[in-house]
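Single-structure report; data block below.
The values are calculated or read from the model by the stated rules, or taken from the named source; none is laboratory data. The shown structure was predicted, so the numbers you read here are calculated from the model rather than taken from an experiment. Neighbour counts run over all protein chains shown; Cβ positions are idealised from the backbone, glycine included. What goes into the accessible areas is simple: the full protein's heavy atoms, side chains included, and nothing from ligands, DNA or RNA. Shrake-Rupley method; radii C 1.70, N 1.55, O 1.52, S 1.80 Å.
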Amino acid sequence: MDRIVVQGGTRLTGEVAVSGSKNSTLALMAAALLADSETVLQNVPKLRDTDGMLDILRALGATAEWVESEKSTVRIDASTVSNPEAPYDLVRKMRASFLVMGPLLARFGTARVSEPGGCAIGVRPVDQHLKGFEALGGKVRLDHGYVEATSAGRLLGARVAFDINTVNGTQNVMMAATLARGETVLENAAREPEVVELAHVLIKMGADISGAGSDRIVVRGVEDLRGVKHQVAGDRIEAGTLLAAGIITQGDVRITGVDTSTLESTLDKLRDVGAELEVGSTWVRAVAAGRPRAVRVVTAPFPGYPTDMQAQLMALLSVAEGSSVVTEHVFENRFMHVPELQRLGADIALSGRSAHLRGVPRLMGAPVMATDLRASAGLIVAALAADGDTTVNRVYHIDRGYERIEEKLGGLGARIWREG
Ligand code: UD1
């Protein structure tokens with residue numbers, strides 16, 4: 001099984017382009033199921049998760065493939081979907097595959113999707129997705145590990161008030177509502193940029209949606225949707241990860257290809273830890289000298305500090321001057337990187353939803369285990385500042401969400417390589 005080896009201690013310098021957003025892509029691929037003509041997505045990152053979603057679309061009967069002649073482009077034609085069932089073997093690998101449920105139910109009046117798997121970061125139910133489908137008139141039942149939803153004819157517009165803030169839940173129900181009869185109002189909707197991008201693409205496809213980016217989204221159902229061409233936005237989490245990597249090595253890095261208005265809370269925290277930032281509309285340069293400063297951070301739904309950037313910030317804070325507190329408010333049990341950071345010499349104590357860190361001057365390389373996608377990114381960031389070699393095992397987690405991470409960090413001067 002592949003490992004990534006990092007020889008810490010090199011100062012990162014230079015420029016790197018971020019890839020397209022994984023999370024946006026997954027939702028947009030699911031949205032292609034709503035159209036009866038071809039959708040083309042550009043700037044798609046080549047990842048285990050994006051390949052996994054293409055597998056699911058094919059299992060449903062769609063044509064879904066990388067375009068050979070064009071870099072980072074996929075084409076999806078869902079006019080041939082014949083089997084609205086997403087099987088366990090494919091769905092268990094990635095929680096976001098549950099996003100096919102809303103589009104299938106809306107377009108075919110029936111969907112059968114295995115209950116999802118994905119990162120083991122706490123209990124991650126889909127009750128809010130199901131609540132939305134039921135409000136729209138779907139009949140939902142659980143059947144031997146599958147969620148089955150049916151509707152006699154079109155779904156019917158309704159008011160859906162989410163009990164909690166859910167990104168994929170908002171996206172799933174928003175997609176279901178596009179082809180419903182009448183108006184749907186989503187209250188307490190997630191405001192993440194990936195919800196906004198999905199709404200934007202659905203509108204291009206012919207949907208009638210307003211309010212995306214606020215906590216109240218209104219969807220007026222239309223007869224049908226058509227395929228479109230769209231360039232996926234840059235990945236704001238990859239951008240933050242690469243900046244953290246530069247900063248922990250006291251380097252000077254410039255990242256390009258991301259809408260920096262989606263990065264504000266991340267950039268604020270990186271400034272708080274002492275980095276000097278220059279920010280353009282699509283690029284950020286971060287220069288750091290000396291050890292990071294200790295900070296307090298609480299993860300929260302957008303526009304708060306993203307939970308997907310928690311492990312990487314924790315890596316930075318593990319070598320900060322002073323004591324920091326990191327509180328995880330989005331997921332339970334998203335501290336699986338802590339024992340691994342401790343193996344590198346980090347001084348971290350967990351208490352409920354908070355981690356208390358006392359910064360140490362140096363980390364030490366060690367073999368560690370990637371436990372989930374963002375945890376593994378945190379370990380790589382930490383390893384860049386550790387003395388000696390760190391071997392990160394189970395890198396398939398990182399391959400789920402980071403495209404050519406070793407090449408990108410290598411291009412900035414990191415000593416990092418993959419071993420088979
Ligand atoms: C998405 C992102 C993920 C990110 C997360 C939070 C994708 C593919 N993934 O995940 O990278 O970490 O947003 O920004 O876009 N919950 C329920 N019931 C539900 C749905 C969610 O209780 O029906 C809970 C979850 O367990 C979690 C919280 O709500 O505690 C937020 O989860 P949610 O926003 O739904 O995360 P995802 O959309 O799965």
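Is it the case, given these coordinates, that Ala385 is of a type outside the set (Phe, Trp, Tyr), touching a residue at least 24 places away in the same chain (Cβ under 8 Å) and touching a Phe, Trp or Tyr at 6+ places or on another chain (Cβ under 8 Å)?
no
For the condition outside any helix (DSSP H, G or I), over 27 Å from the mean Cα position of the chain (by Cα) and not charged (D, E, K, R), what is the one hit in Ala189, Ala152?
From the options Ala189, Ala152, the qualifying one is Ala152.
For the stretch 217-232, does any single residue satisfy the condition of being open to solvent by 40 Å² or more (accessible area, probe 1.4 Å), closer than 27 Å to Pro306 by Cβ and either part of a helix (DSSP H, G or I) or within 15 Å of the ligand (Cβ to nearest atom) (or both)?
Taking every residue of the stretch 217-232 in turn, none turns out to be open to solvent by 40 Å² or more (accessible area, probe 1.4 Å), closer than 27 Å to Pro306 by Cβ and either part of a helix (DSSP H, G or I) or within 15 Å of the ligand (Cβ to nearest atom) (or both).
Yes or no, residue by residue, for (1) open to solvent by less than 20 Å² (accessible area, probe 1.4 Å); (2) modelled with pLDDT of 95 or more; (3) within 16 Å of the ligand (Cβ to nearest atom):
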{"residue": "Gly8", "(1), (2), (3)": "yes, yes, no"}
{"residue": "Lys22", "(1), (2), (3)": "yes, yes, yes"}
{"residue": "Ala27", "(1), (2), (3)": "yes, yes, yes"}
{"residue": "Ala62", "(1), (2), (3)": "yes, yes, no"}
{"residue": "Trp66", "(1), (2), (3)": "no, yes, no"}
{"residue": "Asp77", "(1), (2), (3)": "no, yes, no"}
{"residue": "Ser82", "(1), (2), (3)": "no, no, no"}
{"residue": "Arg107", "(1), (2), (3)": "no, yes, no"}
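Pick from Ser265, Ser261, Ser281: which is in the same structural domain as Val297 (by TED's automatic domain parsing), modelled with pLDDT of 95 or more, open to solvent by 40 Å² or more (accessible area, probe 1.4 Å) and within 19 Å of the chain's Cα centre (by Cα)? I'd like the intermediate steps shown before the answer.
Details: Ser265 fails: open to solvent by 40 Å² or more (accessible area, probe 1.4 Å); Ser281 fails: within 19 Å of the chain's Cα centre (by Cα).
Sole residue among the options that is in the same structural domain as Val297 (by TED's automatic domain parsing), modelled with pLDDT of 95 or more, open to solvent by 40 Å² or more (accessible area, probe 1.4 Å) and within 19 Å of the chain's Cα centre (by Cα): Ser261.
Sort out which residues of the stretch 186-223 are in contact with a helix residue (DSSP H, G or I) (Cβ under 7 Å, 6 or more places away or on another chain) and either on the phi > 0 side of the Ramachandran plot or not hydrophobic (A, V, I, L, M, F, W, C) (or both), and write them in order of number.
Once the filter is applied, which keeps residues that are in contact with a helix residue (DSSP H, G or I) (Cβ under 7 Å, 6 or more places away or on another chain) and either on the phi > 0 side of the Ramachandran plot or not hydrophobic (A, V, I, L, M, F, W, C) (or both), the stretch 186-223 yields Glu192, Pro193, Glu194, Glu197, Gly213, Gly221.
Examine the stretch 303-320 for a residue that is assigned by TED's automatic domain parsing to the domain that holds Leu263, more than 21 Å from Ser376 (Cα to Cα) and at pLDDT 95 or above, and state whether such a residue exists.
Narrowing the stretch 303-320 to residues assigned by TED's automatic domain parsing to the domain that holds Leu263: 303-320.
Filter once more, keeping what is more than 21 Å from Ser376 (Cα to Cα): 303-304.
If we keep only those that are at pLDDT 95 or above too, we end up with 303-304.
Yes; the residues of the stretch 303-320 include at least one that is assigned by TED's automatic domain parsing to the domain that holds Leu263, more than 21 Å from Ser376 (Cα to Cα) and at pLDDT 95 or above.
Filter the stretch 377-401 for residues that are at pLDDT 95 or above and of a type outside the set (A, V, I, L, M); which is nearest to Val360 (Cα to Cα)?
Applying the filter and picking the extreme gives Asp387.
To keep it simple, each residue is scored yes or no on (1) closer than 22 Å to Thr307 by Cα; (2) open to solvent by 10 Å² or more (accessible area, probe 1.4 Å).
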{"position": "Tyr146", "(1), (2)": "no, yes"}
{"position": "Ala149", "(1), (2)": "no, no"}
{"position": "Val173", "(1), (2)": "no, no"}
{"position": "Gly182", "(1), (2)": "no, yes"}
{"position": "Val185", "(1), (2)": "no, yes"}
{"position": "Asn188", "(1), (2)": "yes, yes"}
{"position": "Pro193", "(1), (2)": "yes, yes"}
{"position": "Leu198", "(1), (2)": "yes, no"}
{"position": "Leu202", "(1), (2)": "no, no"}
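In the list Ile237, Ile255, Ile247, which residue meets the criterion of being surrounded by 23 or more Cβ atoms within 10 Å (Cβ to Cβ), at pLDDT 95 or above and either more than 16 Å from Thr13 (Cα to Cα) or not β-branched (Val, Ile, Thr) (or both)? Before the answer, list the steps.
On the way: Ile255 fails: either more than 16 Å from Thr13 (Cα to Cα) or not β-branched (Val, Ile, Thr) (or both); Ile247 fails: either more than 16 Å from Thr13 (Cα to Cα) or not β-branched (Val, Ile, Thr) (or both).
Result of the check over Ile237, Ile255, Ile247: Ile237.
Could you list, ordered by first residue, the pairs with Cβ atoms under 7 Å in which the first is in the stretch 50-79 and under 23 Å from Gly401 (Cα atoms) and hydrophobic (A, V, I, L, M, F, W, C) and the second is assigned to a helix (DSSP H, G or I) and open to solvent by 60 Å² or more (accessible area, probe 1.4 Å), at least 6 apart or interchain?
Ala64/Arg58
Among the residues of the stretch 242-266, count how many are touching a strand residue (DSSP E or B) at 6+ places or on another chain (Cβ under 6 Å) and in a helix (DSSP H, G or I).
Final tally of qualifying residues: 6.
For the stretch 153-171, what are the residues that are surrounded by fewer than 23 Cβ atoms within 10 Å (Cβ to Cβ) and in contact (Cβ under 8 Å) with a residue 60 or more places away in the chain?
Selection gives Arg154, Gly157, Asn165, Val167.
To keep it simple, each residue is scored yes or no on (1) away from the ligand (no atom under 15 Å from the Cβ); (2) more than 22 Å from Leu60 (Cβ to Cβ); (3) of a type in the set (A, V, I, L, M, F, W, C).
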position	(1), (2), (3)
Glu85	yes, no, no
Asp89	yes, no, no
Gly102	no, no, no
Tyr146	yes, no, no
Ala152	yes, no, yes
Leu155	yes, no, yes
Val173	no, no, yes
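Taking the stated definitions as given, is His356 in contact (Cβ under 8 Å) with a residue 24 or more places away in the chain, open to solvent by 10 Å² or more (accessible area, probe 1.4 Å) and closer than 23 Å to Gly274 by Cβ?
Considered against the rule, which asks whether it is in contact (Cβ under 8 Å) with a residue 24 or more places away in the chain, open to solvent by 10 Å² or more (accessible area, probe 1.4 Å) and closer than 23 Å to Gly274 by Cβ, His356 comes out as yes.
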